[in-house]
1. What three numbers, in Å, describe the spread of the alpha carbons of the chain along their principal axes, ordered from the longest?
2. At a temperature of 37 °C and a viscosity of 0.692 mPa s, determine how fast segment 196-254 diffuses translationally according to Stokes-Einstein, using the Kirkwood radius over alpha-carbon pairs as Rh; express D in µm²/s, rounded to the nearest whole number.
3. Evaluate the distance, in nm, between pseudo-label points positioned 7 Å from the Cα of ALA487 and of ARG340 along their respective Cα→Cβ axes.
4. In segment 112-126, which residues have a backbone nitrogen under 18 Å from the label point lying 7 Å from ARG330's Cα in the Cα-to-Cβ direction?
5. Express the relative contact order of the chain as a whole percentage, based on alpha carbon pairs under 8 Å and six or more residues apart in sequence.
6. Could you tell me what % of all Cα pairs in segment 178-303 have separations over 24 Å?
7. Give the calculated FRET efficiency between GLN22 and TRP169 to the nearest 0.05, with a Förster radius of 22 Å applied to their Cβ-Cβ distance.
8. Which order do TYR486, TYR511, TYR187 fall in if you start with the one that has the fewest other Cβ atoms within 10 Å?
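The numbers here are math on the coordinates, done by the rules we state, and not lab data. Note that the coordinates shown come from a computational prediction; the quantities given were computed from them, not determined experimentally. All Cβ positions, even for glycine, are placed from backbone atoms using ideal geometry, and neighbour counts span all protein chains on display.
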Amino acid sequence: MATGGLRADTRGWLSRTLSLSQDPLPWPEAIRAATGFAAVIAVAMALGRPDAGLLAAAGMVQGVMRPDVGPYRSRVLGLLVPQLAGAAGLVMGQLLHGHGWWTVAMITLVALFSGLISSVGKVLSGAALSLLFMNVLGAGLPPVGELWLPPLLQFAGGLFYILLALLSWRITDSGADPQREAVAAVYAGAADLLDASPHPGEARLALSRAMDTAQDALLRHQIRGEGNWDAETRWLVGMLNAITPLTEAISVLVRAGRPAPPGLAGTVRRIAEAVRTGRRDAEIPPFTGDPAFARPVGYILRRLPSTELGGPDWLGLPAPLRTRAAEATRLALTSGAAWRYGLRLALCMAVASVITEVPGVPHLLGIPQTHSFWVSLTVVVVLKPDFGSVFGRALLRAVGTIVAAVPTLLVLVVVPRGWAAVPLAAFFGGLIPLLKVKSYAMRTAAVTPLMLFLLDMVAPVPSGELVAARLVDTVLGSLIVLVFGYALWPESWRIRLGDRITAGFEAAADYLDEAFTGSQDARSRDRRALHRRLNAIQNGLQQMLSEPPPASRRATAWWPALIELDHLVDAITAAAVRVGGGAEGPPPERKVHAVSAELREMATAVHEDRRPRAGNLPDPSAEDVLGDVVTQTRSLRGSLPP
């Protein structure tokens, strides 16, 4: 259910890049940020230490830029770990402040390390950004007291924001538990898909994304083993696990193009509401219609009151923490994509830091003036592949900075330095959450005035010179990214998803090989993992659509193949469910292996950037349980881009 009904965005890449999100404005976050920045700057002004206020506010900026979604465990980790990484980066930056080439070497090595760990997960990606951001800030700012004081100030600002966030969540969430909401959304998505059948449209994609979100909410960042989970977590994991047979039955229904049995969607919605409210004792009448759905719904209702995991593992529970940590380390050290990104980031940071840290280099390069660490900060926030198009962000950051700098200059020139900084900090800080949800350019337009204002508090130069210098530095940093982090790396402006797509075809072949011979538990886990992989490919294609040609054209060309691959997974699932219900299975050595070999040949062709060789697919037959799979495999081959 990864991409059914999905339509490619037909707008031009520039229109997609400049488009604004329709997400609602997060007013609670804005109030929280405004309060936090005002309090931090007020304390700094009262103590007569604006430099301390700058460092504390820098810690808060790292928190404000983080997403405010997911279970509380993930939110706190997403706020706390980057603060710790930022403190470490700040210490290293302060140690080598003003040491010329040694400073350049240190920033380059930190950039390489940050690039490697960025691929491990969202929390470490945020930590990598904070590590490098604060490292550059520490190397660029003059020392503030003893070595331990700057990281303490930064961490104190970040911790204050975390405390405000905890208080805000308790007030704004109104007792709703994010984990229950996530699992309930899966059941609600299944009901929506039943209502939409036989024309599923976007409901199929919505259900698959809801499953991904619920899995992440329950299983990602679990530190304790399943034996030590609390009763609520065990119940929710069990309920998410229990919907697997129902989603497989719905896949068969949608694949057959039949409407859902009357009353089924209503029963599933009542289960969703019971999960949302935590009512394990809810009295829900069983569904008595089609036995193909009565059995999985009956299993869910029997599972509803239980807080024990029990039963089969159709979801795939997380491995022990030590195993996951070892796998994450292996991924960071052996992934070719991680090393390529790390080297791109290190090269750009080396160029930027040479310009800003080594006297005389700007003159040798024909650059007419000395530049600040703002050049390196621009590189840090632009060259972040998991944020979207690098080319688009370089363009949008330059545009956003220019748009924001002019009114900021007027404010800084008109408003005198002093206690007026408190309401200005509240205003600029509160803008960040409101604008960051709309687009990268608007997020830049929000962060730029805040950072300019904070630096103006401690800068010895007039405000006009400060803003003008930041404009030039932003453009220079964006140019460094475009040349040394984009144009020189062919994988940046060509489609970067070859390995992912290859892995998707191979995973589909593995799923087919096991669908009729393996256990239902293994098949269900493989199917869920395969849908997550397809969703990741789809997200990657969405990012590529915002790149300039030829990457955006190539991404558009891959949409039909991705849709056909998703349909193939559903066809395999439907065939396996039919065999499980008593239909005669296909001979694996003759038909199943022939189709899986065809899928593996497609995977090899994608990896080698060529057309797949002619295969030996069996003829499809309406009576054969594998007939639909063969037909869909041929459609998939025909959809591959030239």
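1. Answer, in whole Å and largest first: 82, 58, 43 Å.
2. On the way: Rh = 13.0 Å.
For the chosen part, D equals 252 µm²/s.
3. Going from the ALA487 label point to the ARG340 one covers 2.0 nm.
4. Zone members listed by number: 117, 119-121.
5. On the way: 969 pairs, mean separation 121.7, N = 642.
Reported relative contact order: 19 percent.
6. Working: 1949 of 7875 pairs.
Of all Cα-Cα pairs in segment 178-303, 25 percent lie more than 24 Å apart.
7. Details: r = 24 Å, r/R0 = 1.09.
Rounded to the nearest 0.05, the efficiency is 0.40.
8. On the way: TYR486 20, TYR511 23, TYR187 27.
Fewest to most other Cβ atoms nearby, the residues stand as TYR486, TYR511, TYR187.
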